[in-house]
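Novice: This is the structure I have questions about; it appears just below.
Values quoted throughout were computed directly from the atomic coordinates according to the rules given, and no laboratory measurement underlies them. What you are looking at is a predicted structure, and each value in this text was computed from that prediction instead of being measured. Note: ideal-geometry Cβ built from the backbone for every residue, glycine included; neighbour counts use all protein chains shown.
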Amino acid sequence: MILTADALAFDMDGTLVDSRDLILEVWSGWAARRDLDAAQVHAFCHGRPLHRIIAHFAPDADLPAEAEWVLGQMRPRESLLRPVAGAADLLASLDPVEWALVTSAPAELARRWMAICGLPLPPVVVTADDVAHPKPDPEPFALAARGLGHAPARIIAFEDAAAGLASAKAAGMETVGLSGATGSLASIPDYRRLSRDDGHPIRLSLVD
């Protein structure tokens, strides 16, 4: 299978950075702290900004204080972070202006987690700090398309969460699903089956 695009847009958490163990530990701890069902918290939190998750389950909570607690629990567990297999090689095959990072994480956390995993940052980075309407609203990916200077229809978005896939599709992009996400051009467990062909536009070969 050949995927062709002028540019690519990547989510971070679960798409470039494997944070499953960290997320499971931290949000399970927060759920226990708030006497909530951890399974419900995990089901909702995937691909959504920190403050939206807290507000959804604890609307009367002190949002800044709760967010500070969650972020404080994440930092000592960051040794659990790993790059998604094949992500570093794929990003290395791209010119920095050919891709964007589109994440629901705060900017400071996104920069730190990418660095921990040895992954580069492109010139176009869209974080939770940049948008009024986060995923699943199309605003994050629409903003990335403007930064990349390409029509959304010529950009392929890589996402692992339903909220992110909905956001990219609403912005007019084709999508590739990670970690079992379906309803896209392709669904892949990681990037080891993808290779960049020479030339432009971007041609990605997906090996069965």
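Novice: Measuring from the lowest to the highest alpha carbon on each principal axis, how far does the chain reach, largest first, in angstroms?
Specialist: That works out to 53, 31, 29 Å along the principal axes.
Novice: Follow-up question, since we're still on this one. Ranking GLU25, GLU98 by Cβ neighbours within 10 Å, fewest first, what do you get?
Specialist: The order, fewest Cβ neighbours first, is GLU25, GLU98.
Novice: Further question on the same structure: Given the options LEU22, LEU50, LEU36, which has the most mean-square fluctuation in a GNM of the chain, springs set between C-alpha atoms less than 10 angstrom apart?
Specialist: So, out of LEU22, LEU50, LEU36, the one fluctuating most is LEU36.
Novice: May I pose another question? In a shell of Cβ-Cβ distance under 14 Å around ALA151, excluding ALA151 itself, what net charge do Lys and Arg (+1) and Asp and Glu (-1) give?
Specialist: Numbers: positive: ARG146, ARG154; negative: ASP6, GLU174.
That works out to 0.
Novice: While we're on this one: Provide the gained length on full extension for the span LEU24 to ARG82, in nm with one decimal, where the gain is 0.36 nm per separating residue minus the Cα-Cα distance.
Specialist: 19.4 nm
Novice: Next up: Fewest first, what order do HIS200, HIS42 take by the number of other Cβ atoms within 10 Å? Provide the component values of the computation, followed by the final result.
Specialist: Details: HIS200 9, HIS42 14.
Ordered by Cβ neighbours within 10 Å, fewest first: HIS200, HIS42.
Novice: Sort the following peptides by mean Cβ neighbour count (other Cβ atoms within 10 Å, averaged over residues), highest first: 160-167, 192-199, 143-150. Kindly include the intermediate steps, with their values, before the conclusion.
Specialist: Values: 160-167: 24.1, 192-199: 13.5, 143-150: 19.5.
Going from most to least packed, we get 160-167, 143-150, 192-199.
Novice: Percent antiparallel among DSSP beta bridges with both residues in the chain, to the nearest 5? Could the numbers behind the result be given before it?
Specialist: Details: 9 of 27 bridges.
Counting only bridges with both partners in the chain, antiparallel ones make up about 35 percent.
Novice: While we're looking at this one, here's another question. Connecting C-alpha atoms closer than 10 Å in a GNM of the chain, tell me which of PRO122, PRO64, PRO138 has the biggest fluctuation.
Specialist: Top of the fluctuation ranking is PRO64.
Novice: Can you find, among GLN73, HIS46, LEU36, the residue sitting farthest towards the positive end of the charge dipole of region 20-79, where Lys and Arg contribute +1 and Asp and Glu -1 at Cβ?
Specialist: Final value for the positive-end residue is HIS46.
Novice: Tally Lys and Arg at +1 and Asp and Glu at -1 over the other residues with C-beta under 12 Å from the C-beta of ARG196: what net charge comes out?
Specialist: Details: positive: ARG203; negative: ASP89, ASP95, GLU98, ASP197, ASP198.
Charge balance in the 12 Å sphere: -4.
Novice: Just how large is the dipole of region 1-106 about the Cα centre, in debye to the nearest 20, putting +1 at every Lys and Arg Cβ and -1 at every Asp and Glu Cβ? Working shown, then result.
Specialist: Details: 8 positive and 16 negative charges, 48 e Å.
In debye, rounded to 20, region 1-106 gives about 220.
Novice: About the Cα centre of region 20-79, what is the dipole size in debye to 20, counting +1 per Lys and Arg Cβ and -1 per Asp and Glu Cβ, all else neutral? Let's see the in-between values first.
Specialist: Values: 7 positive and 9 negative charges, 40 e Å.
Once rounded to the nearest 20, the dipole reads 200 debye.
Novice: Related question: Please state the charge dipole magnitude for the chain, taken about the Cα centre, from unit charges on C-beta atoms (+1 on K and R, -1 on D and E), reported in debye and rounded to the nearest 20.
Specialist: Details: 18 positive and 28 negative charges, 32 e Å.
Dipole magnitude for the chain comes out near 160 debye.
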